[in-house]
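Novice: This is the structure, below, for whatever I ask next.
Read-outs: derived from the displayed coordinates by stated rules, not from any lab. Remember, predicted model here, so these are calculated numbers, not experimental data. Virtual Cβ from ideal backbone geometry, glycine too; neighbours counted across all protein chains shown.
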Amino acid sequence: MGIIFSFFAVIALIVIVFIGVQGANLHYLFGVVIPYAAFFIFLLGVIYRVLQWGRIPVPFRIPTTAGQQKSHPWIKTNPIDNPFTATGVFIRMAFEVLLFRSLFRNTKAELRDGPILSYGSTKWLWLGGLAFHYTFLIILTRHLRFFFEPIPGVIKIIESLDGFFQVGAPVLYLTDLIFIAAVTFLFLRRVVIPQVRYISLAQDYFPLFLIFSIGLTGVLMRYFLKTDVVGIKELTMGLVTFKPVVPKDINIIFYIHLFLVSTLFIYFPMSKLMHMAGVFLSPTRNLANNNRAEMHVNPWNYPVKVHTYEEYENDFRDKMKAAGLPVEKE
Amino acid sequence: MYNGGKIIIGLIIFVGLIALPFVFSGKGASAKPEPKLDTPEILKLPETERKCVESKEYMKREHMKLLNEWRDWVVRDGLTIYTSSSGKQYTMSLQNTCMKCHSNKTKFCDECHNYTAVKPYCWDCHIKPKEKEL
């Protein structure tokens, strides 16, 4: 159900561009207004979500660890998987953010030959995820050539490395291939593995379809349909300098690409894609495991009214004495 | 706000990265490439003859593909004559056909290529045309 809904949602987005640009000639709306709106929704939305998360207290360190906690000096500790210091936490976070360490520990469970449940290591999700995220990052960085003039050397270096094999003209980017393959893998994984399909919802399929179609329209635009790149850069430079211009003769494929990207930006803050910011706020990753060494006071603790034994005895001393009970103070 | 300091720093880094293109869009932000078609060879031609091997629109979009095909046809298949869609025949040669008219590499090729960070590897093998004014 979710898969069909998501598929047609993306198709509908593409149809909207056809109607809007081809039919109604709303080039300014699709080239300037919607991208600006999407950008600011993205920016403010991400900030809002992060601030909302920041308001939630984490009263206690949650040590989900894969290493020995720091305790007695003669027990060997694991300072990265079970960090005690801020440095350790930083390294663990770096592993998590840059190398997806949690996914590396991914396991699969399967029933073999009747009722034998076996667990095994499975690295495909980790590999696919890593390939997907890093190629996405490189592609995003490469696109910065449309937002700077003169173009910084770093972007040119990335671009020339990406087109290292000089296949065809325009030069084939390796990241384009890997990116499309990785998104396809991440999608097939959801469809093929029954357990994953069972827990997959529209909100899982939609971003996959959306990102896939962004990649596909980009590939079509660069290698097959082609459009006026100089015109596109005039448009993007107009956007970043707040002097928007809409050059004529830019192929519809560019507007489809741009609209899908805008949709992704708008969708971003209200979806699971917020894991981009959320990964930094994972309590199980970003807190040092020093529960036993340091006092962590629950921030929503209210002052509890207590009645000590001393007060109790003061209240009932006479009656206790009369009943022959022992008292601490005479 | 809990751990407010760290979260705010993170957000500032995020906003800073996002704002980079807006802040440092560069001094050429409003520059527009204008490839020049005023080489002596082109000016010598009568107004009606000033045509490339294919239409301007086609060349603008597909010149890289065309050049790539020419390279393959000449170097790998030994073909040397290109018949354009209008039926006219041309020798497939970057240096002798294309650059004969467009002898102004810096003002013609590089103008757009630099603007869009495209670095074709034509000149890894071919000899760059000598331009008088640089």
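Novice: What helices does chain A have that are whole DSSP H segments, at least 24 Å long along their own axis by Cα, and with mean Kyte-Doolittle hydropathy of 1.0 or more?
Specialist: The qualifying helices are A:34-54, A:124-142, A:174-192, A:202-219.
Novice: Can you pull the mean other chain C-beta count within 10 Å for peptide B:33-41?
Specialist: Working: counts 4, 1, 1, 0, 0, 0, 0, 0, 0.
Per residue, the number of nearby Cβ atoms from other chains is 1 on average.
Novice: Structure shown: which of A:Lys248/B:Lys105; A:Lys226/B:Lys51; A:Lys248/B:Lys32; A:Lys226/B:Lys88; A:Lys156/A:Lys233 lie over 19 Å apart, alpha-carbon to alpha-carbon?
Specialist: A:Lys248/B:Lys105; A:Lys226/B:Lys51; A:Lys226/B:Lys88
Novice: Let me know the charge dipole size of the stretch B:1-82 about its Cα centre in debye, to the nearest 20, where only the beta-carbon of Lys, Arg (+1) and Asp, Glu (-1) is charged.
Specialist: 420 debye
Novice: Three principal axis extents, largest first, for the C-alpha atoms of chain A, in Å?
Specialist: Sorted largest first, the three principal extents are 103, 55, 45 Å.
Novice: Are there any chymotrypsin sites (Phe, Trp or Tyr not before Pro) in the stretch A:123-190 that are in a DSSP loop and have at most 10 other Cβ atoms within 10 Å? List them by number. Present the calculation step by step, with values, prior to reporting the outcome.
Specialist: Working: sites: A:Trp124, A:Trp126, A:Phe132, A:Tyr134, A:Phe136, A:Phe146, A:Phe147, A:Phe148, A:Phe164, A:Phe165, A:Tyr173, A:Phe179, A:Phe185, A:Phe187; in loops: A:Phe147, A:Phe148, A:Phe164, A:Phe165, A:Tyr173.
Qualifying residues, ordered by number: A:Phe165.
Novice: Here's a follow-up. Kindly provide the chymotrypsin sites (Phe, Trp or Tyr not before Pro) of the stretch B:32-134 that DSSP labels as loop, not H, G, I, E or B, and whose Cβ sees at most 15 other Cβ atoms within 10 Å. Could the numbers behind the result be given before it?
Specialist: On the way: sites: B:Tyr58, B:Trp70, B:Trp73, B:Tyr82, B:Tyr90, B:Phe108, B:Tyr115, B:Tyr121, B:Trp123; in loops: B:Tyr121.
Answer in residue order: B:Tyr121.
Novice: Sum up the charges of everything whose Cβ sits under 10 Å from the Cβ of A:Met237, counting Lys and Arg as +1 and Asp and Glu as -1, but leave A:Met237 out. List each step's numbers first, then the result.
Specialist: Details: positive: A:Lys233, A:Lys243, B:Lys32; negative: A:Glu149, A:Glu234.
Net charge in that neighbourhood comes out at +1.
Novice: What do you get for the angle between helix B:56-71 and the principal long axis of chain B? Use alpha-carbon atoms, 0 to 90 degrees, nearest ten.
Specialist: Result, in degrees: 80.
Novice: Another question about this same structure. Less than 11 Å Cβ to Cβ from B:Tyr82, Lys/Arg counted +1 and Asp/Glu -1: what total charge do the surrounding residues give?
Specialist: That works out to -1.
Novice: For chain B, what is the mean residue ellipticity at 222 nm derived from helices alone (per DSSP H run of n ≥ 4: -39500 (n - 2.57); sum divided by total residues; nearest 500 deg cm²/dmol)?
Specialist: Computed mean residue ellipticity for chain B: -12500 deg cm²/dmol.
Novice: Something else now. Please report how far the C-alpha centroid of the stretch A:90-159 lies from that of the stretch B:84-134, rounded to the nearest whole angstrom.
Specialist: The distance from the Cα centre of the stretch A:90-159 to that of the stretch B:84-134 comes to 41 Å.
Novice: I want the local charge near A:Asn290. Using Cβ-Cβ distances under 9 Å, sum +1 for each Lys or Arg and -1 for each Asp or Glu among the other residues. All intermediate terms of the calculation are to be shown ahead of the outcome.
Specialist: On the way: positive: A:Arg61, A:Lys70, A:Arg292; negative: A:Glu294.
That sum, taken over residues with Cβ under 9 Å, equals +2.
Novice: If one computes P(r) from the Cα atoms of the stretch A:119-181, what percent of pairs lie at distances over 15 Å?
Specialist: 58 percent
Novice: Taking the Cα centroid of the stretch A:215-229 and of the stretch A:2-22, what is the distance between the two, rounded to the nearest whole Å?
Specialist: 19 Å
Novice: Which of the listed residues, B:Thr116, B:Ser30, B:Met64, is farthest toward the dipole's positive end in chain B, when Lys, Arg count +1 and Asp, Glu count -1 at the beta-carbon?
Specialist: Farthest towards the positive end: B:Ser30.
Novice: Using a 10 Å cut-off around each Cβ of peptide B:17-28, what is the average number of partner chain Cβ atoms that fall inside?
Specialist: Counting other chains' Cβ atoms within 10 Å and averaging over B:17-28 gives 5.
Novice: What distance in nm separates the two pseudo spin-label positions at A:Ala293 and A:Leu216, each 7 Å out from Cα along the beta-carbon direction?
Specialist: Placing both labels 7 Å along Cα→Cβ, they lie 5.3 nm apart.
Novice: Say the dipole of the protein assembly as shown comes from +1 at the beta carbon of Lys and Arg and -1 at that of Asp and Glu; which of B:Trp73, A:Thr284, A:Gln52 then lies farthest toward its positive end?
Specialist: The listed residue farthest towards the positive side: B:Trp73.
Novice: Also: Do the sum for chain A: with -39,500 (n - 2.57) for every DSSP H run of n ≥ 4, divided by all residues, what is the mean residue ellipticity at 222 nm, to the nearest 500 deg cm²/dmol?
Specialist: -17000 deg cm²/dmol
Novice: Give, rounded to the nearest 20 debye, the magnitude of the charge dipole that the protein assembly as shown has about its Cα centre when Lys and Arg contribute +1 at Cβ and Asp and Glu contribute -1 at Cβ.
Specialist: Details: 51 positive and 36 negative charges, 80 e Å.
Once rounded to the nearest 20, the dipole reads 380 debye.
Novice: In addition: Would you kindly calculate the translational diffusion coefficient of the stretch A:153-286, applying Stokes-Einstein with the Kirkwood radius from alpha carbon pairs, for 4 °C and a viscosity of 1.567 mPa s, and quote it in µm² s⁻¹ without decimals? Show your work: numbers first, answer last.
Specialist: Details: Rh = 17.5 Å.
Answer, rounded: 74 µm²/s.
Novice: Here's something else I'd like to know. Can you give the average number of partner chain beta-carbon atoms within 10 Å of each beta-carbon in peptide A:42-51, as a whole number? Working shown, then result.
Specialist: Details: counts 1, 4, 0, 0, 4, 3, 0, 0, 5, 5.
If you average over the peptide's residues, the count of other-chain Cβ atoms is 2.
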